[in-house]
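Right, one structure below, let's go through it.
The values are calculated or read from the model by the stated rules, or taken from the named source; none is laboratory data. Since the structure is predicted, the reported quantities are computational estimates derived from the model, not experimental observations. Cβ placement follows ideal geometry from the backbone for every residue including glycine, while neighbour counts extend to all protein chains displayed.
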Amino acid sequence: MYCVKCGVKLSDDLTVCPLCQTKIYYNEEQIKAIKEKKYPETMPTRSNANRSLASILTMLSLLTISIILILCYQVYDEIRWGGYAVFSVGVFYCVFVLPLWFKKINPIISVLINHTAISLFLLYINLKTGGDWFLSFALPLNIIICVNVILAIILIKYVSKGRYFFAGGIIILIGLSSMLIEFFQHLTFDTKMFVWSLYVVVCCGIFGIFLILAGIIKPLKNYLNKRFFI
Amino acid sequence: MNRNWYRLDTAALLFPAVMNKNWSNAFRLEATINHEVDPFILQKAVDDLQVRFPSFYVGLRTGFFWCYLQQMEETPKVMSDFAYPLTFMSYKELKNSCMRILYYKNRIAVEFFHGVTDGTGGNIYFCSLLARYLEIKFDIEIGKSPFVVNHDEPVSKEELEDSFHKHTNDYPASRKETSSYQLKGTKNKNDYFTLITGIVETTKLKEISNRYNCTITVFLTAVMIESLIEIQKEKCLPQLQKHVKITIPVNLRKLFGSKTVRNFVLPINVGVDPKKGDYSLKDLCISIASQFNYEITTQNMASRIASNVNPQKNILLQATPLPIKRLVMGAVYHRAGILTSSLNISNLGLVKLPKEMDPFIERIEFIISPQKNNINNCSVSSYKNHTYININRNIVESELERVFFSKLVELGIPVTIESNRG
């Protein structure tokens with residue numbers, strides 16, 4: 001059987017041309033005569049999880065936490081700075097060690113875990129220092145960053161069509177987020193409203209609209225694809 | 001038992017340093033025989049060759065300053081083949097064995113970690129394994145050939161030497177090179193490799209190559225470069241076009257008269273700059289052939305060897321712990337090795353077996369894995385009157401293969417296509 005597009009002869013076990021993906025149509029007799037595949041179906045078993053490294057790092061993290069706590073109680077009879085150190089180790093563990101336990105961790109779940117860990121750390125600092133900035137500033141800021149990062153992951157990982165629209169939308173959203181951040185900054189620290197965020201909104205807005213237009217105007221899209229392909 | 005260990009040869013030093021959890025540098029030789037493989041006899045043949053090829057029955061170990069190869073007591077166990085060639089070799093697997101012996105129906109394949117040997121060395125082991133298998137299976141005597149050695153012959157010192165150290169000079173060649181066009185695409189899921197084999201008649205290929213006054217390797221390289229130029233033209237603006245270069249591993253055994261079965265191969269990059277103007281296939285053949293002639297001389301190659309050997313003699317580098325060496329070597333490899341070429345074309349050449357083996361062996365193929373950052377790699381081997389052009393890729397798109405094989409058809413070379421997908 002020959003491929004009508006490529007002109008190459010195709011081996012008898014193929015159902016599409018491997019070069020141009022043109023489907024091959026066989027009659028019943030030919031189907032019966034189709035040869036067996038060149039390779040078996042068996043996929044290699046392979047674990048991506050780096051469990052030995054994860055166990056070593058877990059042990060090291062636990063050891064560090066234990067030493068810090070013992071030291072603090074020995075010297076001061078209370079936790080004092082040890083709390084910060086323990087939470088730092090906890091954040092490090094969530095960001096770098098936790099993913100090693102899994103074969104393939106969904107990046108969105110990973111981002112959610114990391115931001116929860118960071119929020120807890122900030123809450124601890126807030127309580128320890130007697131501040132009142134966590135609920136009105138740190139938590140909303142963290143949530144805004146988390147949402148933007150998740151949207152960026154969705155764009156890179158899951159969106160194959162309409163990327164320009166999506167990217168434009170995200171950039172406009174980042175601009176609007178900056179206004180929200182400044183609003184929370186104003187609520188917490190009593191600063192002036194909408195000073196720096198307006199610049200961000202304008203820049204992000206222009207760039208975002210440009211990307212959306214690029215999605216609509218095909219020649220512009222092709223030009224950008226050629227110019228900035230990665 | 002006091003087991004031998006070997007230092008990695010000069011070329012091999014790089015491979016453990018640059019491998020990661022998704023990529024190991026390996027190649028594969030496979031033969032299709034005229035009957036279903038008997039795994040028990042194959043295992044016996046593998047066991048019988050252990051004494052004759054001690055440098056192959058090794059595991060990769062990590063020392064403080066360098067990696068080394070530890071001879072293994074147990075021989076690797078033969079196993080059934082997988083859905084695609086050259087599946088990932090993990091550190092854990094390499095620790096026990098640096099090669100895999102695979103079988104599937106009437107095919108025997110051996111996959112080698114490149115740290116142990118190169119294509120020619122691997123081919124000597126592979127053909128000797130086939131010969132031993134046939135000897136046991138059919139109780140026949142097989143004569144010697146350049147690729148087949150007798151399993152009870154003694155091992156010579158020259159076979160195990162690191163020939164790079166013997167054939168170097170005091171004038172290391174510069175590593176400076178311009179970067180080359182890199183193909184891009186959508187990564188295959190689960191690190192799957194898609195293999196497309198183009199089978200052409202060697203006589204026809206030779207005839208067309210002769211028409212262009214060049215060898216088969218030069219001709220195929222020229223066609224590949226022409227294909228890459230065409231793809232780059234379609235995808236990039238003229239002012240952003242990069243050099244199109246291909247890495248060709250050069251077997252140094254003939255050049256320096258070495259008998260080693262370990263690595264003794266050096267890559268050279270050949271190519272053109274598409275910005276300078278349009279190239280016809282004839283222009284490309286002339287240019288590539290002259291680049292080959294210029295590069296492949298004992299003096300030039302000795303200088304290239306020197307640039308690899310000399311750093312090893314540096315006491316500071318020697319005393320640097322392995323993890324730091326890995327970082328440095330990884331960076332050098334990335335800059336000087338990967339980015340400077342679009343893909344490799346490795347031609348094993350014509351495999352000539354003793355006449356007693358020919359009736360049993362239908363085809364012999366050579367497959368290399370895509371490089372760390374390149375997405376395609378091409379390997380070529382010839383047996384009887386057929387040349388097998390294997391293009392292995394780790395992306396979904398088959399654009400390069402389509403353009404390349406269509407060009408061969410247009411040039412009047414009939415191509416039969418096989419694949420592990422489709």
Across the stretch A:1-16, what is the total count of residues that are at the interface with another protein chain (Cβ under 7 Å from one of its Cβ atoms) and buried (at least 21 other Cβ atoms within 10 Å of the Cβ)?
3
Does residue B:359 meet the test of being out of contact with any strand residue (DSSP E or B) (no Cβ under 9 Å at 6 or more places or on another chain) and either in contact (Cβ under 8 Å) with a residue 40 or more places away in the chain or in the same structural domain as residue B:110 (by TED's automatic domain parsing) (or both)?
yes
For the stretch A:156-196 the number of residues that are assigned to a helix (DSSP H, G or I) and under 23 Å from residue A:132 (Cα atoms) is 13
For residue B:384, state whether it is assigned by TED's automatic domain parsing to the domain that holds residue B:249, surrounded by fewer than 22 Cβ atoms within 10 Å (Cβ to Cβ) and on the phi > 0 side of the Ramachandran plot.
yes
Qualifying residue in the stretch B:79-92 (condition: in the same structural domain as residue B:134 (by TED's automatic domain parsing) and closer than 23 Å to residue B:260 by Cα)
no
Is it the case, given these coordinates, that residue B:219 is crowded, with 19+ Cβ neighbours inside 10 Å and within 12 Å of chain A (Cβ to nearest Cβ)?
no
What do you reckon, is residue B:77 free of Cβ contacts under 8 Å to residues at least 40 places away in the same chain, more than 30 Å from residue B:358 (Cβ to Cβ) and surrounded by fewer than 20 Cβ atoms within 10 Å (Cβ to Cβ)?
no
Are there any pairs, at least 6 apart or on different chains, whose C-beta atoms fall under 7 Å, with the first in the stretch B:174-199 and in the same structural domain as residue B:364 (by TED's automatic domain parsing) and aliphatic (A, V, I, L, M) and the second surrounded by fewer than 19 Cβ atoms within 10 Å (Cβ to Cβ) and modelled with pLDDT of 85 or more, and if so, which?
B:199/B:386; B:199/B:416
Considering only residues that are surrounded by fewer than 20 Cβ atoms within 10 Å (Cβ to Cβ) and in a strand (DSSP E or B), look in the stretch B:359-374 and name the one that is nearest to the chain's Cα centre (by Cα).
B:363
Which one of B:29, B:14, B:8 is at pLDDT below 90, more than 14 Å from chain A (Cβ to nearest Cβ) and under 21 Å from residue B:123 (Cα atoms)?
B:8
Helices (runs of 4 or more DSSP H) lying entirely in the stretch B:287-345 (those with 2 or more residues that are aliphatic (A, V, I, L, M) and either under 21 Å from the mean Cα position of the chain (by Cα) or within 26 Å of residue B:254 (Cα to Cα) (or both)):
B:298-313, B:322-332
Within the stretch A:83-100, does at least one residue satisfy the condition of being assigned to a helix (DSSP H, G or I) and over 30 Å from residue A:153 (Cβ atoms)?
yes
Given the criterion under 21 Å from the mean Cα position of the chain (by Cα) and either modelled with pLDDT under 95 or not aromatic (Phe, Trp, Tyr) (or both), identify the matching residue among B:208, B:231, B:225.
B:225
I'm trying to understand the selection: among the residues of the stretch B:110-147, which are surrounded by 16 or more Cβ atoms within 10 Å (Cβ to Cβ) and at pLDDT below 90?
B:145, B:147
In the stretch B:394-422, anything of a type in the set (D, E, K, R) and within 8 Å of another protein chain (Cβ to nearest Cβ) is listed as B:401, B:402, B:410, B:418, B:421
Just wondering, is there one or more residues in the stretch B:52-72 that are touching a residue at least 40 places away in the same chain (Cβ under 8 Å), within 14 Å of chain A (Cβ to nearest Cβ) and touching a Ser or Thr at 6+ places or on another chain (Cβ under 6 Å)?
no
Note on the stretch B:269-281: residues within 16 Å of residue B:227 (Cβ to Cβ) and of a type outside the set (Ser, Thr, Tyr) are B:270, B:271, B:272, B:274, B:278, B:281
Scan of the stretch A:110-143 for residues that are assigned to a helix (DSSP H, G or I), over 23 Å from residue A:82 (Cβ atoms), over 21 Å from the mean Cα position of the chain (by Cα) and not hydrophobic (A, V, I, L, M, F, W, C), ordered by number
A:136
Please indicate, with yes or no, whether at least one residue in the stretch B:33-43 is in contact (Cβ under 8 Å) with a residue 40 or more places away in the chain, touching a His at 6+ places or on another chain (Cβ under 9 Å), within 19 Å of residue B:361 (Cα to Cα) and buried (at least 20 other Cβ atoms within 10 Å of the Cβ).
no
Quick check on the stretch B:62-72. Is at least one of its residues closer than 30 Å to residue B:347 by Cβ and either small (Gly, Ala, Ser) or out of contact with any Gly (no Cβ under 9 Å at 6 or more places or on another chain) (or both)?
no
If I filter the stretch B:375-390 for residues that are part of a strand (DSSP E or B) and over 17 Å from the mean Cα position of the chain (by Cα), do I get at least one hit?
yes
Return the residues of the stretch B:148-206 that are among the hydroxyl-bearing types (Ser, Thr, Tyr), away from every other protein chain (no Cβ under 14 Å) and either outside any helix (DSSP H, G or I) or crowded, with 19+ Cβ neighbours inside 10 Å (or both); say none if nothing qualifies.
B:156, B:163, B:168, B:171, B:174, B:178, B:179, B:180
Being under 38 Å from the mean Cα position of the chain (by Cα) and without any contact (Cβ under 8 Å) to a residue 12 or more places away in the chain is the filter; apply it to the stretch A:16-25 and report the residue that is nearest to residue B:405 (Cα to Cα).
A:18
Residue set B:340, B:320, B:260; condition in contact (Cβ under 8 Å) with a residue 60 or more places away in the chain and touching a strand residue (DSSP E or B) at 6+ places or on another chain (Cβ under 7 Å); output residue B:340
For the stretch B:391-407, which residues satisfy the criterion of being part of a strand (DSSP E or B) and surrounded by fewer than 23 Cβ atoms within 10 Å (Cβ to Cβ)?
B:395
Does the stretch A:120-133 hold any residues that are farther than 22 Å from residue A:190 by Cα and surrounded by 15 or more Cβ atoms within 10 Å (Cβ to Cβ), and which are they?
A:121, A:124
